[in-house]
Amino acid sequence: MSEQASRRPHKPYRRPQKDPVRMLAFEALRAVDERDAYANLVLPPLLKKAREKGDFDGRDAALATELVYGTLRRQGTYDAIISACIDRPLREVDPPVLDVLALGAHQLLGTRIPTHAAVSASVELARVVLGDGRAKFVNAVLRKISQQDLDAWVAQVAPPYDADPEDHLAVVHSHPRWVVSALWDSLGGGRAGIEDLLEADNERPEVTLVARPGRSTTEELAAATETLPGRWSPYALRMAEGGEPGAIEAVKDGRAGVQDEGSQLVALALANAPIEGPDARWLDGCAGPGGKAALLAALASERGAALLASEKQPHRARLVERALAGNPGPYQVIAADGTRPPWLPGSFDRVLMDVPCSGLGALRRRPEARWRRRPEDLDGFAPLQRGLLTEALRAVRVGGIVGYATCSPHLAETRVVVDDVLKKVGGAELIDARPLLPGVPALGDGPDLQLWPHLHGTDAMYLALLRRTA
């Protein structure tokens, strides 16, 4: 070593600086990946803890939320871009490293954060959570990514539409190929519709309130916070961005709630369906976590009817109890299996079965579900869905109405189930559900109805109404 080199001062080691916002976003992504958690359940307590520690203000919380949800929504696109920037298969990269890279990619390609800030903040996060060695790898990859914008990268990594339409849409709009195919089938073809739907899945959903009839009003909610009118439901209000529903008194005491407008419309259609004879006994056979049950109970109480809300899982039944607490009319909540019910056949005038499903209709709210679900999951849901609808038809009296609902537009969970059960059980007929939601357009060819994020601004709720005839 030369004398000159020996005199050169050593660069002092700098301890990596923790960025509370990006640390929290990373922690949330790790929980989603490691524990199969859902971001909408993981994130709120993390944000609350950060606020209590004094680490966060409102802008920090908004940025952390955007980093988590934006990264999850665009994960498929970012994975394709990251894969083009490394010299090994993506599966050989440690998951925590991929999370840091995806967070960095979202800051570079999906936000207005300046390039140098996005790279330096991501590298600093990598130093804290991964160590200096892997931070260098993160730095090299993100610098490659920063050389092009999102449109240029997508043009490079997505196959041409004409060569492989489904794979093209999967990469461009960040959905698994099988989900693209299933949604396209449900829509009935056409490029414009599927692109609009996939893009709507990647948009942040509005927070929608419901004023439970007889307990609250939209006027009361509008006076409590900044809102826009609901699009379709007379009980709905859309909150302004950044609003906090938990701060509203009517929401605190259960007279109002947070409920997607599509969920409200399903309950309203069932309640509006004409029936002959008594209308005193209503059943929600899959009531957890309680949003539809609370609206149905409020509507039932206005007519002097009683609601029985049944939920198989005891902890979800407790959520239903909480949602219905204070309802002015008679109601009861029980923990029971809808496929082996404790009630007698023909006990009810109206029955709602909002069955467990793949959740492909709520990908705006749970973006990670698109990566977690597999086509074979549908086979697991199928017997349960058929069993619940079969028992619902047995539970309703002749002349009564059953509503079969799913938060999925997948044909295997919607029309196929209804058709199979009608053929097997008999003694029931489909009635046209569409006129029961006057003013709501584009509900499909009928007699069932399908809501869509890109057409209605709601979750992709499906509803079939069946009248018991014998």
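Quick note: the coordinates plus some simple rules give every number you see, no bench work behind them. Note that the structure is a prediction, hence the values are computed from the model and not measured. Heads up, the Cβs are rebuilt from the backbone with ideal geometry, glycines too, and the neighbour counts pull from every protein chain shown.
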For LYS136, list the aspartates and glutamates whose Cα falls under 14 Å from its own Cα; do not include residues on the same chain fewer than 8 positions away. GLU124
If you place +1 on the Cβ of every Lys and Arg and -1 on the Cβ of every Asp and Glu, how big does the dipole about the Cα centre of the stretch 346-470 come out, in debye to the nearest 20? 180
Cα to Cα, under 29 Å, and not fewer than 8 places away if on the same chain: which lysines meet these conditions relative to LYS424? LYS292, LYS312
Which log10 I(q)/I(0) values does the stretch 34-80 give at q = 0.29 Å⁻¹ under the Debye formula, counting every alpha carbon as one identical point scatterer? -1.07
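Let me know the shape class of the stretch 351-470, please: from the alpha-carbon gyration tensor, a ≥ b ≥ c as square roots of the eigenvalues, rounded when a/c is under 1.5, otherwise prolate if a/b is greater than b/c, or oblate. Walk me through the numbers on the way to the answer.
On the way: a/c = 2.39, a/b = 1.28, b/c = 1.86.
Cα axes put the stretch 351-470 in the oblate bin.
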When only alpha-carbon atoms are used, what values of Rg and Dmax, in angstrom, describe the stretch 293-357? 11.7, 32
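Which value results when the Cα radius of gyration for the chain is divided by 2.2 N^0.38 Å?
Values: Rg = 25.2 Å, N = 470, 2.2 N^0.38 = 22.8 Å.
Against the empirical 2.2 N^0.38 Å value, I get 1.11 for the chain.
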Could you check the spin-label model distance between ILE275 and ASP185? Points 7 Å from the Cα along Cα→Cβ, value in nm. 3.3
For the stretch 461-470, Karplus-derived ³J(HN,Hα) couplings (6.51, -1.76, 1.60; θ = phi - 60°; whole Hz; x for glycine and proline) come out as 7, 10, 9, 10, 10, 10, 9, 6, 10, 7
For the stretch 413-467, the spread of Cα positions along each principal axis, largest first, Å: 35, 22, 14
Three principal axis extents, largest first, for the C-alpha atoms of the stretch 74-124, in Å? 29, 21, 16
Residue ranges of DSSP H helices in the chain that stretch 27 Å or more (Cα, own long axis) and have mean Kyte-Doolittle hydropathy of at least 1.6 are none
Stretch gain in nm, segment ARG112-ASN40, where the contour uses 0.36 nm per residue and the Cα spacing is subtracted: 23.5 nm
Which value in nm describes the separation of the simple spin-label points at VAL258 and GLU226, placed 7 Å from the Cα toward the beta carbon? 1.8
When 1/r is averaged over all different Cα pairs and the result inverted, which Kirkwood radius in Å belongs to the stretch 201-302? 14.2
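What does the charge dipole of the chain about its Cα centre add up to, to the nearest 20 debye, if the Cβ of each Lys and Arg holds +1 and the Cβ of each Asp and Glu holds -1?
On the way: 58 positive and 62 negative charges, 280 e Å.
Roughly 1340 debye for the chain.
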Enumerate the amide H contacts of ARG281 below 5 Å, restricted to partners 5 or more residues apart or on another chain; note that Pro and chain-start residues carry no placed amide H. ALA306, ASP349, ARG350
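Given the stretch 2-158, what whole percent of its Cα pairs are spread farther than 18 Å?
Roughly 60 percent, rounded to a whole number.
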Spacing of the two label points (7 Å from each Cα toward its C-beta) at ASP33 and GLN17, in nm: 2.5
Relative contact order (%) - criterion: Cα under 8 Å, at least six apart; region: the chain: 12
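Remind me, what semi-axes does the stretch 192-257 give for its equivalent ellipsoid, largest first in whole Å, using sqrt of 5 times each Cα gyration tensor eigenvalue?
Details: eigenvalues 138, 33, 18 Å².
The three semi-axes for the stretch 192-257 are 26, 13, 9 Å.
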Can you give the FRET efficiency for SER347 and ARG91, using 1/(1 + (r/R0)^6), R0 = 51 Å, r = Cβ-Cβ distance, to the nearest 0.05? 0.45
